[in-house]
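Reading through the structure tokens given below for one structure.
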Amino acid sequence: MSMLEIKNLHARVESKEILKGINLTVNKGEVHAIMGLNGSGKSTLANVLSGKDDYTVTEGEILFEGNDLLDMDPEERARAGVFMAFQYPVELPGVNNTYFLKAAANAIRKERGEEQLDAMDFMKLVREKLKVLEIGEDLLKREVNVGFSGGEKKRNEIFQMAVLNPSLAILDETDSGLDIDALRAVGHGVTKLRSADRAIVVITHYQRLLNYIEPDIVHVMMDGKIVRSGDKSLALQLENEGYAWLEEEVRSGLVTA
Amino acid sequence: MTHISQQNDTASYSSAFNAFLPDRVTEPQWLNSIRRDAFSLFQTEGFPSRNNEEWRFTPLNQVKETGYSRPEPVEHPSLEAIESLTGYSKTGPQLVFINGVYAPELSRNAIQTKGVQIGSISELLQSNDEILQPHLAQLASQTATPFVSLHNSFMEDGAAVILDANTQLSEPVTILYVTHSEQPIFMVPHTLVVAGRSSHASVVEVFASTMGANYFSIPVTEFAIGENSDIRHVRLNMEASNAAHISYTHAEIQRDAIFASHNVCLGGELTRNDFYAGLRGENIHCTLNGVYLGSGKQIIDNHTSIDHAMPHCESHELYKGILDGESQGVFNGKIFVRLDAQKTDAKQTSQVVLLSDLARVNSKPQLEIFADDVKCTHGATIGQISKEALFYLRSRGLSKTDAMAMLIQAFVADVIVRIPISELADDLNAMLPELLERK
Ligand SMILES: Nc1ncnc2c1ncn2[C@@H]1O[C@H](COP(=O)(O)OP(=O)(O)OP(=O)(O)O)[C@@H](O)[C@H]1O
Ligand SMILES: [Mg+2]
């Protein structure tokens, strides 16, 4: 059974159709990259996967480990092992980062029938992850994402991912706009997660992050569809040559879109 | 039992008053005359009418129409039953009142710090009424509402905390006003805090009930705060869900003093709190904060009034409300800055989160500024829990209920953390999710 199976997915925001028939299968152990120009629908796809209710699915289905993902609440998806690193993480004034993450970790552990982490165990886990990601411990005392720079927010997403230990991680432009240190932290975080029983979907505009975590398959989205899939060389080609050639091919019907 | 008839609102208290007066023949003369004056004032003024701007959003039908009677002696609940009402663990002195009457066997006030008196007003009136005489039932009446008059008419017991100059209490004084009655009774518990020069204490008043009856609580709390003293106050309203609670808190504050009052409103069908702080000297720091949780048909109405009479004083007000169901909140914040009160720094903030479409709030700042060199700011916001924030938490595995509770905790966090008694602040914070769920 595939980990994630998206079949003919159509979705709209208000009356505007944005996803126009996405087909995508992700197996355990695989790393997929999704690339594509601004507005092509990458974040929409990610948001539909995470259960954001601004979107209406009009056609198609999504199976996660054989279960109907669209039938699950956002928290059920998270507990089942789906993690989304958001392109624009929300600020939560007054919510302490450690308190929040401990509640999340224990909600997920409860679902898995694992023991609840007490404060000591949790701090041990958290410190270990911070170290790997080269993040300072002051993060723990801060309010979630409040007053964080763009890079800090992205690092915090990866830190949450590392603690929550998902089976499917979707990273929506976690690498965009990062300085070199933050990129390294994110790169390490993602590399650490790569394993035979997990899958990772990396949405990105750039090759940089893919140098850390080599994708098995690269997809290109255009106007709500995946117009091409290939191996890692496709990402390199897009990095070097841009999208014009592919748009031209799509327009002239060389690609069945 | 002195029942109050339903048809007539103030006249109905007359028979209760006339029946009560003979019980008071042995009380000090000064108090007896205050009492008589208060009742005749109450009779003249009557209950506030709906046309009275100050009472526009406070429906008084329940209070006028229920036949509340004076409490009769009851068997007291156990200490465990009383402690469990409030949740948080309290150490230090504790005065317990059942239906407004002192319960010595449930109280702990043996700690005798030199120069500090903590006791019941009823006992002090017998043993040492001179220390009450300068203040008791005389501070709040300066700015009285009809309910203060009604209170003073029937006042006979409550807590007194008297601090001589330079005394300090290391632990907070807890005052528990517990209603234990199936009958619709009215009670007038009184708290008097007299803080001598450079003294320091924290006082917590808790209003709670062992049963869910409709009763009427009319408390008055008076503070005479001396020069350079530091007095912290928490009032925690956990009244029964059918109860009416109309309170008045009055503070007279002298120069260089710190007064911080934290008003936590959780219970009651109708709650109306008036706070008055008179800043009578220079360099006073006065804080009036509040947090309120409404649900069902609850009405929670807070009126504050800060009177800046002298220069170089600071006042801070931060009120936060969470309203669910068909509940209604009111925040009315008056700030007077008199001609002499130059360099006043006054800040007032009112923030409300509405959890339902039917919940309502009226937030009204009223600034009257006569001095010209002052800094006064006020801001009021009304909002909802952010959908984005809720989704973000759920996307990390938290249930909708837990996510909501976490965001609400976060919203009130800055009011709760300022509560100077950390056990109480921690417990309130921990209690919030449960309180919200129960609502
Ligand atoms: N909540 C929304 N309301 C209205 N329009 C939306 C919403 N979300 C997405 N869209 C629209 O859908 C289209 C696809 O947006 P999406 O964010 O999925 O693109 P993207 O591929 O992630 O782009 P980028 O590379 O810039 O992140 C855009 O035209 C966008 O304006
Ligand atoms: Mg995007």
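The values are calculated or read from the model by the stated rules, or taken from the named source; none is laboratory data. Please read these numbers as outputs of a predicted model, since none were measured by experiment. All Cβ positions, glycine included, derive from the backbone under ideal geometry; neighbour counts span all protein chains shown. SASA here: full protein model, heavy atoms, side chains in, ligands and nucleic acids out. Shrake-Rupley method; radii C 1.70, N 1.55, O 1.52, S 1.80 Å.
With both labels modelled 7 Å from their Cα along Cα-to-Cβ, the A:His205 to B:Ser40 distance reads 8.3 nm.
Measuring with a 1.4 angstrom probe and ignoring ligands and nucleic acids, B:Cys286 comes out at about 0 Å² accessible. Bridges between two residues of the protein assembly as shown, per DSSP, are antiparallel at a rate of about 20%.
Please list the helices of chain B that count as membrane-span-like by this rule: a mean Kyte-Doolittle hydropathy of at least -0.5 together with Cα atoms stretching 20 Å or more along the helix axis, each helix being a complete DSSP H run.
In chain B, the long hydrophobic H runs are B:400-416, B:422-438.
Averaged over peptide A:64-77, the number of partner chain Cβ atoms lying within 10 Å of each residue's Cβ comes to 2.
In chain A, what percentage of the DSSP-assigned beta bridges are antiparallel, given to the nearest 5?
Expressed as a percentage, antiparallel bridges in chain A total about 55.
Size estimate for the range B:387-439 follows the Kirkwood approach: the inverse of mean 1/r over distinct Cα pairs works out to 11.7 Å. For the range B:304-343, evaluate the Debye formula with one uniform point scatterer on each Cα (no solvent term) and list log10 I(q)/I(0) at q = 0.31 Å⁻¹, rounded to two decimals. Treating every Cα as an identical point scatterer, log10 I(q)/I(0) equals -1.08.
Given 4 °C and 1.567 mPa s, compute D for chain A with the Stokes-Einstein relation, Rh being the Kirkwood radius over Cα pairs; round to the nearest whole µm²/s. Please report the intermediate quantities before stating the final value.
On the way: Rh = 18.9 Å.
Reported coefficient: 69 µm²/s.
Averaged across B:27-37, how many Cβ atoms of other chains sit within 10 Å of each residue's Cβ atom?
Details: counts 0, 0, 0, 0, 0, 0, 0, 0, 0, 0, 0.
The per-residue average across the peptide is 0.
Between the Cα long axis of helix A:119-132 and the first principal axis of chain A there is an angle of about 50°, rounded to the nearest 10.
At a Förster distance of 41 Å, what's the computed FRET efficiency of A:Asn38 paired with A:Glu65, Cβ-Cβ distance as r, to 0.05? Numbers along the way, then the final one.
On the way: r = 32 Å, r/R0 = 0.78.
After rounding, the FRET efficiency stands at 0.80.
Relative to one another, the C-alpha centroids of the range B:268-296 and the range A:132-199 are positioned 44 Å apart.
Axis angle, to the nearest 10 degrees, between helix A:180-193 and the longest C-alpha principal axis of chain A: 90 degrees.
Relative to the compact-globule estimate of 2.2 N^0.38 Å, the Cα radius of gyration of the range B:222-290 comes out at 1.23.
In the complete set of protein chains, residue-level accessible area for B:Thr381 is approximately 70 Å², probe 1.4 angstrom. Averaging 1/r over each pair of different alpha-carbon atoms in the range B:30-126 and inverting the result gives 17.5 Å, the Kirkwood hydrodynamic radius.
Leaving ligands, DNA and RNA out of it, report the carbon-plus-sulfur percent of the accessible area of the protein assembly as shown at a 1.4 Å probe. Can you show the working numbers first?
Numbers: 13230 of 28070 Å².
Carbon-and-sulfur percentage of accessible area, whole number: 47.
Enclosing the Cα atoms of the range B:328-379 in their convex hull gives a volume equal to 54 cubic angstrom per residue. Dimensions of the range A:147-188 from C-alpha coordinates, computed as largest minus smallest value along each principal axis and given longest first, are 27, 20, 16 Å.
Shown here: chain B, whose C-alpha atoms stretch 68, 50, 47 Å along the first, second and third principal axes, sorted largest to smallest. Pairwise Cα distances in the protein assembly as shown exceed 51 Å in 29 percent of cases. Per the accessible-area calculation with a 1.4 Å probe, the total area buried between chain A and chain B rounds to 1900 Å². Label-to-label distance, A:Asp73 versus A:Asp216, with points set 7 angstrom from Cα along the beta-carbon direction: 3.3 nm.
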